[in-house]
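Chemist: Below: one structure in structure tokens.
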Amino acid sequence: MKIGITCYPTYGGSGAVAAELGVKLAARGHEIHFISYAHPFRLPHFVEGVFFHEVDVGRYPLFEYPPYSLALAAEMHEVAEKRELDLLHVHYAIPHATSAWIAREMLGSEHPVRLVTTLHGTDITLVGQERSFEAITRFSIAKSDGLTAVSEYLKRETVQHFHVPAEDIRVIPNFVDPEAYGSDHHPCHRDRFVNPGERMILHISNFRSVKRLTDVVRIFARIAKEVPARLVLAGDGPERHEAENEADRLGCGERLVFLGKQDSVAELFACADLFLLPSATESFGLSALEAMASGVPVIATDVGGLPEVVIHGTTGFLSPVGDTEGMAAGALEILRDDVRWKEMSRAAEQVAHERFSSDRVVPMYEDYYRHVLSKAPVPATIERRDS
Ligand code: GMT
């Protein structure tokens, strides 16, 4: 198949999933065209069968806000036509599904490209429910030839809020490459982050308020009172300063190691003892899965799709949002008992590699593409006049 993939190219789970999916599909013989404003951060350069098309928004002075969605639609149209794409697969509904719908309309029935939208999270739970975006999200979802959601939770939210028939959404979970993540896959440079005898507690995110970074610090402060440890934080974002202030207030500011945004996180996970993800909501929690795949138990909240990833009591612990005492207690239970840590580490790696391996999940996308291609195309609203 010839597939166009569009995603947010910056740091974020949806961009990571899209990039890794494209690479895996190319390895299985498909021709993959990424269409975005920048090279996706997890997409290696020079992969056979993978092409990147940069969207140029131009610089016309009248455009105080350059119309990216239109420039994206124009690029999707051009790539689909020239490269004879079968499918446009967009990750995150807004604005990607809308741009893809425009491109499909422009192509008309002469080149009936199909549109698959993967819903990732806040495109449904936050942005898509904002007054200004709700109608266009609903429209773009309805105009997709196929819809996937990364968890049962996100499917339920979409059905409930956007009244999409449940049978129109296929749940395809996020995945990890078992070759890239594993407890023994990377030489561990722990001594770059922690001193001998200290535990390495890890958090990776975009530090937005939904990640509750101050809760990460509060949980860590309780842990550090009982066991020697450091909190390693990879990523950056708006909550960083508040988290630093909270750490200083709790007297553990010296124990925080900020690494900034990181392209490659597998090496970091391989060094960690515990991963913290106390988010307010999480449709899936890709970072929790990557931690588990690396043999790192997870302390997280029991919200959204996280219970579909982390098995409470087996691969980590889940607590209510804001229950930092409970999450710290869970963390200490694992850190104080080496046998328990090893059991959980092994179970985490096994669950991640068995249930969420790319070898298992990527064929689910291929199967879904075939299903979508076998259906009658959604008729174009406008017919081309040049035919
Ligand atoms: O929806 C977002 O907030 C952004 C998105 C991203 O690009 O990282 O995150 C969502 O998609 C990820 C990949 O499917 C999921 O692992 C995250 O749980 C999800 N984030 C939220 O639901 C907050």
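The values are calculated or read from the model by the stated rules, or taken from the named source; none is laboratory data. Computed from a prediction, not measured in an experiment: that's the story for all the values here. Note that each Cβ is placed from the backbone with ideal geometry, even for glycine, and that neighbours are counted across all protein chains shown. All accessible areas refer to the heavy atoms of the entire protein, side chains included, with ligands and DNA or RNA removed. Shrake-Rupley method; radii C 1.70, N 1.55, O 1.52, S 1.80 Å.
One line per residue, one yes/no per condition, for (1) aromatic (Phe, Trp, Tyr); (2) buried (at least 24 other Cβ atoms within 10 Å of the Cβ); (3) within 21 Å of His371 (Cα to Cα):
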residue: Tyr60; (1), (2), (3): yes, no, no
residue: Pro67; (1), (2), (3): no, no, no
residue: Ala80; (1), (2), (3): no, yes, yes
residue: Leu88; (1), (2), (3): no, yes, yes
residue: Ala100; (1), (2), (3): no, yes, yes
residue: Arg114; (1), (2), (3): no, no, yes
residue: His161; (1), (2), (3): no, no, no
residue: Val164; (1), (2), (3): no, no, yes
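Chemist: Just to be sure before I move on: is Thr117 within 16 Å of the ligand (Cβ to nearest atom) and touching a residue at least 40 places away in the same chain (Cβ under 8 Å) in the structure I sent?
Modeler: Judged against the criteria, Thr117 is not a match.
Chemist: If Leu154 satisfies all but one of (1) closer than 28 Å to Ala80 by Cα; (2) at pLDDT 95 or above, what's the number of the condition it fails?
Modeler: The number of the failed condition is (1).
Chemist: Another question, if that's okay. Say we look at the stretch 266-286 and pick out the residues that are away from the ligand (no atom under 16 Å from the Cβ) and of a type in the set (D, E, K, R); which of these is farthest from Leu213 (Cα to Cα)?
Modeler: Glu267
Chemist: When the residues of the stretch 248-265 are narrowed to those that are more than 16 Å from the ligand (Cβ to nearest atom) and among the hydrophobic types (A, V, I, L, M, F, W, C), which ends up least open to solvent (accessible area, probe 1.4 Å)?
Modeler: The residue in question is Cys252.
One line per residue, one yes/no per condition, for (1) assigned to a strand (DSSP E or B); (2) at pLDDT 95 or above; (3) touching a helix residue (DSSP H, G or I) at 6+ places or on another chain (Cβ under 8 Å):
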| site | (1), (2), (3) |
| --- | --- |
| Val217 | no, yes, yes |
| Ala224 | no, yes, yes |
| Val257 | yes, yes, no |
| Ser264 | no, no, no |
| Ser279 | no, yes, yes |
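Chemist: If you don't mind, another one. Of a type outside the set (Lys, Arg), buried (at least 24 other Cβ atoms within 10 Å of the Cβ) and under 21 Å from Gly13 (Cβ atoms): does that describe Glu290?
Modeler: Criteria met by Glu290.
Chemist: Out of all the residues in the stretch 196-208, is one or more open to solvent by less than 70 Å² (accessible area, probe 1.4 Å), among the small types (Gly, Ala, Ser), closer than 22 Å to Ala270 by Cα and modelled with pLDDT of 95 or more?
Modeler: yes
Chemist: So, Glu130, is that one within 16 Å of the ligand (Cβ to nearest atom) and either open to solvent by 40 Å² or more (accessible area, probe 1.4 Å) or not hydroxyl-bearing (Ser, Thr, Tyr) (or both) or not?
Modeler: Taking the combined requirement at face value, the residue satisfies it.
Chemist: Looking at the stretch 287-300 only, could you name the residues that are within 14 Å of Gly322 (Cβ to Cβ) and away from the ligand (no atom under 11 Å from the Cβ)?
Modeler: Across the stretch 287-300, the qualifying residue is only Ile299.
Chemist: Return the residues of the stretch 209-235 that are open to solvent by 60 Å² or more (accessible area, probe 1.4 Å) and within 16 Å of the ligand (Cβ to nearest atom); say none if nothing qualifies.
Modeler: Ser209, Arg212
Chemist: Which one of these is within 15 Å of the ligand (Cβ to nearest atom), of a type in the set (Gly, Ala, Ser) and in contact (Cβ under 8 Å) with a residue 24 or more places away in the chain: Ala103, Ala38, Ala26?
Modeler: The conditions single out Ala38.
Chemist: Give the residues of the stretch 142-177 that are within 15 Å of the ligand (Cβ to nearest atom) and hydrophobic (A, V, I, L, M, F, W, C), sorted by residue number.
Modeler: Leu147, Ala149, Val150, Leu154, Ile169, Val171, Ile172, Phe175, Val176
Chemist: Please list, ordered by first then second residue, the pairs with beta carbon atoms under 8 Å, 6 or more apart or interchain, first in the stretch 41-58 and among the aromatic types (Phe, Trp, Tyr), second open to solvent by 40 Å² or more (accessible area, probe 1.4 Å).
Modeler: Note: pairs meeting the criteria are Phe41/Thr10; Phe41/Tyr11; Phe41/Asp263; Phe51/Glu31; Phe51/Arg83; Phe52/His39.
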